[in-house]
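Throughout, read-outs are computed from the coordinates displayed, never taken from laboratory work. No experiment lies behind these values; they were computed from the predicted model shown. Glycine also receives a Cβ, built like all others from the backbone with ideal geometry; neighbour counts cover every protein chain displayed.
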Amino acid sequence: MALAWLNVMGQSHDNQTDTLRLDDIEVTAIKQTVASVHGASMTTLTLGRVEQNALTGSKTMSQLVPNLFIPDYGSRMTSTIYVRGIGARIDQPAMGLNIDNVPVLCKENYDFDLPDIARMEMLRGPQSLLYGRNTMAGVMNIYTLSPLNYQGTRLLGEYGSHNSWKAGASHYHKFGDRLGVAATAYYTSTDGSHRNEYNQRLTDWEHQGVGRVKLEWIPAAGWHVAGTLSLSVSRQGGYPYEYVPTGRIAYNDTCFYRRTAILQGLTIQKRNRSYSLSSITSYQYINDNMTLDQDFTPLPYFTLTQARHEHGVTQEVVARSHTGNAYQWTLGTFGYYRHMNMEAPVTFKDTGIAELIEGHRNEALPNYPISWDTRSFVLGSQFTMPTWGAALYHQSSYRWRRLTFAAGIRLDYEHATLRYHSHAQTGYSTLRKADGSVYAHEDIDIDDRGTLKKDYVQLLPRFSVTYDLATSLPASITATVSKGSKAGGYNTQMFSDVLQQRLMRMMGIGANYDVNQIVGYRPEKAWNYELSFHCTAWDRRLSADASIYYMDCRDRQMTIFPDGTTTGRVMTNAGRTRSWGGELSVHANPWSGGDMLVSYGLTDARFVEYNDGKSDYRNRHVPYSPGNTLFGQVTHHFELNGGDWVQHLTLDANVRAAGDIYWNESNSLRQPFYALLGASATLAGKHYSLQVWGRNLTDTRFCTFYFVSIGHEFLQRGQGCSIGATLRINLTNK
């Protein structure tokens, strides 16, 4: 009977005995062959490391992986992912996310807590060959516990600073030898730690609930069927942005983020002696609403609501040869369809009308000032965005003596459509400056409709050569050349600015925007050149992974201010960048019961070509991407031999660090390198573990985000010191 282990791929950074084994099921390697992973810059975390560091999703893995940075700011919708200097604040992500082999299409659904994670792996650098669109910087794969391997009940309770608490329960049951079912419920809540001084309310509160069902079935020898269904609901306040000159959070209008999401996946795999054939099908749904005080001041400028619902389906078929042969191959096809409806009204209020419209108009034509009819009006926008794509890919590898050659190519096609409806109904009066009498009145009735379409074709190759060094323990060096891409799209958030400028033009001022030019942007593309080294030594008590890389990025998608007097930003293909750096991960067991882990990433990301018409930013650092990331952890495990109730004590000290982070293209503002100290003590018995933990114990002050709105600068401060305790109960049926 074939055995497949959850940590068959990559380097496991655990010394705990948490490896899980499943009969007749190859859990992680539906796409990956030994050749595709062996030379990859890859970090793998299994169950013990996941629970020790309270990893519950993509954001919590930040900095544990070299050069992976996911700042915690705004809401679960807004956080951005940066890897090796590649990332973007809005629209398309730079990193892909798969949960139990199912790709998550919408980046606004990347950030949610997932209980019972058995394994997390992060592959850095372009992974477009096997994983397609929006994996230009890498891909994160998350796998959850299997009911065919584990049977029993798991309970979790946690309480910490700011009245933050978590509660979870999951049950795994096996019917005979071939059918298993798991059901999980999970809930989190926090009061938040940042207060809006305008109304004295905490801004960053949250309530989140997650429900999940997983079924695994072996209908016959060589077959495996896995189905998952998850529902997540999140309700958040927001946003804790402080005004830079005063250091205060103070704004007058309501802010919140609400999201309901469904992710359903079905994986069917058939294996025979020479190859496996897998089908991965998913349905995805997200319904969310972001409402915010867009100026973030106590004055009534304007507000934004972005409400949408989106349906998506994916289908992938993968054929792959079995490992062990000199020649290996992978052949796959992928298709997807997304359909999104969105409403994004911007409401101008009294101060916004007075300063952003009346003020600019009256400054240009002072002899005939204007007065708006009402002190509030709406710039309305509705969008329908159907998008679909298809891909075909192949990879082959051949092992000759100590050398392994691998090459592959992917052909991607994508079609995007935007149907828009922009409208505004308002009016103003032109006055005589001499006596203030009405000279004329103008009614404004705008009703614009249109359809935009774009097609994208990408050819994405990958080549690698691996040399196995002549040592008694595993060691290899790999050279890789690969191309990645990030999808193009449309700037839906730009339509309110288009409407605003049209209003201004009616009054004789304002920019003339071509919707076709300013709304769409092209895919971003990058070539990655990489040399990586992997080794195991010291009787397998030491493992090390190191890599150096250079990335050449063209058609860089940048978030910029367009010409004219506007309130928003636009995504455009503004420049070319290059990134170079290195990564190092070392895991060691230097003494009995001891465990040490260090992960360090260096990135120097700069503009090669970027001129916004006002300044030339050549050789300046790319903003928002840290130059360094660091994670260090030292653990000691004591055997207590106190019976079933007192068996182990684990002491842990760790540090997470990042910086410098430049906040703008001119590099005039930055977040210096900062480090956050954490520690924990875990007492464990046969069926439980109790962990007391602390994070940012030195209460280090740092910032996670910066932006400008109507000339005002804002920052979000990072989380301060927090302490708490986590209780896990594990009642197995074995």
Along the dipole axis of the stretch 148-251 (charges at Cβ: +1 for Lys and Arg, -1 for Asp and Glu; origin at the Cα centre), the most positive-end residue among Leu202, Ser234, Ile249 is Ser234
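So if each residue of separation counts as 0.36 nm, and I subtract the Cα-Cα distance between Thr471 and Trp165, what length gain in nm does that give? List each step's numbers first, then the result.
Details: separation 306, 0.36 × 306 = 110.16 nm, distance 4.96 nm.
Going from the current span to full extension adds 105.2 nm.
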For Lys107, the lysines lying under 27 Å Cα to Cα, once residues fewer than eight places off in the same chain are dropped, come out as Lys31, Lys59, Lys166, Lys214, Lys453, Lys454, Lys483, Lys486, Lys525
For Arg670, the residues 5 or more places away or on another chain with a placed amide H closer than 5 Å to its own amide H are Trp663
Once the in-chain neighbours fewer than 8 apart are removed, the lysines whose Cα is under 29 Å from Lys349 read Lys433
For the chain, the charge dipole (Cβ of Lys, Arg +1; Cβ of Asp, Glu -1; about the Cα centre) points to a positive end, and the Cα of Ile446, Gly335, Ile286 closest to that extreme belongs to Gly335
For the stretch 77-130, using Cα atoms only, the Rg and Dmax in Å read 11.7, 31
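Work out, step by step, the length gained on full extension between Trp538 and Glu639: first 0.36 nm times the residue separation, then minus their alpha carbon distance; give nm to one decimal. Can you show the working numbers first?
Details: separation 101, 0.36 × 101 = 36.36 nm, distance 2.35 nm.
Here the segment from Trp538 to Glu639 would lengthen by 34.0 nm.
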For the stretch 215-226, Karplus-derived ³J(HN,Hα) couplings (6.51, -1.76, 1.60; θ = phi - 60°; whole Hz; x for glycine and proline) come out as 10, 10, 9, 10, x, 6, 4, x, 9, 8, 10, 10
Computed ³J(HN,Hα) along the stretch 460-466: with the Karplus parameters 6.51/-1.76/1.60, θ = phi - 60°, integer Hz and x for glycine or proline, the list is 10, x, 8, 9, 8, 9, 10
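Set the Förster distance to 56 Å, then compute FRET efficiency between Ala390 and Arg432 from the Cβ-Cβ distance, nearest 0.05. Show your work: numbers first, answer last.
Working: r = 63 Å, r/R0 = 1.13.
The computed FRET efficiency comes out at 0.30.
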With +1 on the Cβ of every Lys and Arg and -1 on the Cβ of every Asp and Glu, the dipole magnitude of the stretch 538-674 about its Cα centre, in debye rounded to the nearest 20, is 540
Here, Glu355 and Asn272, labelled 7 Å along Cα→Cβ, have an inter-label distance in nm of 7.2
Over the chain, the sum of -39500 (n - 2.57) across DSSP H runs of at least four, divided by residue number and rounded to 500 deg cm²/dmol, gives at 222 nm -1000 deg cm²/dmol
Along the dipole axis of the chain (charges at Cβ: +1 for Lys and Arg, -1 for Asp and Glu; origin at the Cα centre), the most positive-end residue among Trp538, Gln264, Ala487 is Trp538
Mean 1/r over distinct Cα pairs of the chain, inverted to a Kirkwood Rh in Å, yields 27.3
Between Val244 and His309, Cβ-based FRET efficiency (R0 25 Å, step 0.05) works out to 0.10
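Mind checking the dipole of the stretch 619-734: about its Cα centre, +1 per Lys or Arg Cβ, -1 per Asp or Glu Cβ, Debye to the nearest 20?
140
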Proxy exposure order for Ile117, Ile444 (fewest C-beta within 10 Å first) is Ile444, Ile117
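With contacts defined as alpha carbon pairs under 8 Å and 6 or more residues apart, what's the relative contact order of the chain in percent? Present the calculation step by step, with values, prior to reporting the outcome.
Working: 2136 pairs, mean separation 78.3, N = 734.
Over the chain, the number comes to 11 percent.
Fully extended, how many nm does the chain gain between Ile444 and Trp223 (0.36 nm per residue separation, minus their Cα-Cα distance)?
On the way: separation 221, 0.36 × 221 = 79.56 nm, distance 6.49 nm.
This chain segment gains 73.1 nm when fully extended.
By counting other Cβ atoms within 10 Å of each Cβ, how are Glu530, Glu609 ranked from fewest to most? Could you put the intermediate results ahead of the total?
Working: Glu530 23, Glu609 14.
Fewest-to-most Cβ neighbours within 10 Å comes out as Glu609, Glu530.
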Placing each pseudo-label 7 Å from Cα in the direction of the beta carbon, Ala679 and Asp455 end up separated by a distance in nanometres of 6.3
Any aspartates and glutamates whose Cα falls less than 14 Å from that of Lys614, other than same-chain ones fewer than 8 residues away, would be Asp563, Glu665
Computed about the Cα centre, the charge dipole of the chain from +1 Lys/Arg and -1 Asp/Glu charges at the Cβ has a magnitude in debye, to the nearest 20, of 1740
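For a quick check: sort Lys486, Lys686, Lys166 by the number of other beta carbons within 10 angstrom, fewest at the front. Don't jump to the answer; show the numbers that get you there.
On the way: Lys486 27, Lys686 12, Lys166 21.
So the residues, fewest neighbours to most, are Lys686, Lys166, Lys486.
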